[in-house]
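As structure tokens, the structure follows; a few thoughts come after it.
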């Protein structure tokens, strides 16, 4: 039986964020978007080890499934607040979101966890959670765990803040030890997709540069208490990230792609990205879509992600055409 590689799908929803800066985009269920997602799956599938198989999972469906189950937990029914790092879970449940993600340095080293770009320090977020939930407690609900580091960090911070944890629920479990660890710590734990173990998990948007939230976020070490903070341009509402494809980041290390197929897979995925932004140009009266157009208008600011290459601290010029810049990366 082949090992399952979870490819979560939310490219269309991420792309829709460009509408805030006046760029017309296809809807999440538009045939063009679903075709791109299917092609991403095919590219990844043929580039994985032979004993791996891609399992596509729509983020919206996963979130709906886990929300439905989490809302029936006794702790939630008795007033505990759903807390999540995933906005697709926190917002529909009227719960609370912890804005936290993994940060890396310019040479690709793991800096640990810190706030998402443009958000408050984690300690300040915890103060707010404590103020609202210190009596009722929280149920931590996540779309999934890979190594479990993010959820483990949140639990540690909750415990330090003396916020009662009434349970932990996840959609996907890619860790062989996390469930046992939660039970050992005395927390009720359940997994939505029971019986399926995933050896890796990558969102489709991480393979496409310039998509909001694409890739791993660049940061710098702040101090021993807070760890790292993201690089963030408040004037442009822009973060700096490393997509999961060459020449930006190591697709073989980050997405289980075979090293001998890494370059071929990256070129194919870059080709999809180029076609996507050329399609957006045609859809928007044949404009020359430049990198700066993805960031803001005079009325609206969009939190987007500028791609960076590891070990090369240079960012794309804002007056460059998106498609031209991506072509130069091939």
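No lab work stands behind these numbers, since they all come straight from the coordinates. Please read these numbers as outputs of a predicted model, since none were measured by experiment. All Cβ positions, glycine included, derive from the backbone under ideal geometry; neighbour counts span all protein chains shown.
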On full extension of the chain, what length is gained from residue 283 through residue 35, given 0.36 nm per residue of separation minus the C-alpha to C-alpha distance? 87.6 nm
With r as the distance between the Cβ atoms of residue 58 and residue 181 and R0 = 41 Å, compute the FRET efficiency 1/(1 + (r/R0)^6) and round to 0.05. 0.90
Quick one: work out the % antiparallel among DSSP beta bridges in the range 3-328, nearest 5. 35
Which of 109, 193, 321 has the fewest Cβ neighbours within 10 Å, and the rest in rising order: 109, 321, 193
With no solvent and one equal point scatterer per Cα, compute the Debye intensity ratio I(q)/I(0) for the range 162-277 at 0.15, 0.23 Å⁻¹ and report its log10, rounded to two decimals. -0.95, -1.15
So how far apart, in nm, are the two label points at residue 275 and residue 223 if each is 7 Å from Cα heading toward Cβ? 5.1
Per 0.36 nm of contour for each residue apart, how much would the distance between residue 45 and residue 3 grow if the chain were fully extended, relative to their Cα-Cα spacing? 14.0 nm
What shape does the range 228-330 take by its C-alpha gyration tensor, where a ≥ b ≥ c are the square roots of the eigenvalues and a/c under 1.5 counts as rounded, a/b above b/c as prolate, and the rest as oblate? oblate
Stretchable slack from residue 259 to residue 124, in nm (0.36 nm times residue separation minus alpha-carbon distance): 44.5 nm
At the level of C-alpha centres, the distance separating the range 150-227 and the range 1-72, in angstrom, is 19
For the chain, averaging the sequence separation of alpha carbon pairs under 8 Å that lie six or more residues apart and dividing by its residue count, the contact order in percent is 20
Show me 272-282, 177-187, 72-82 ranked by packing, highest mean number of other Cβ atoms within 10 Å first. 272-282, 72-82, 177-187
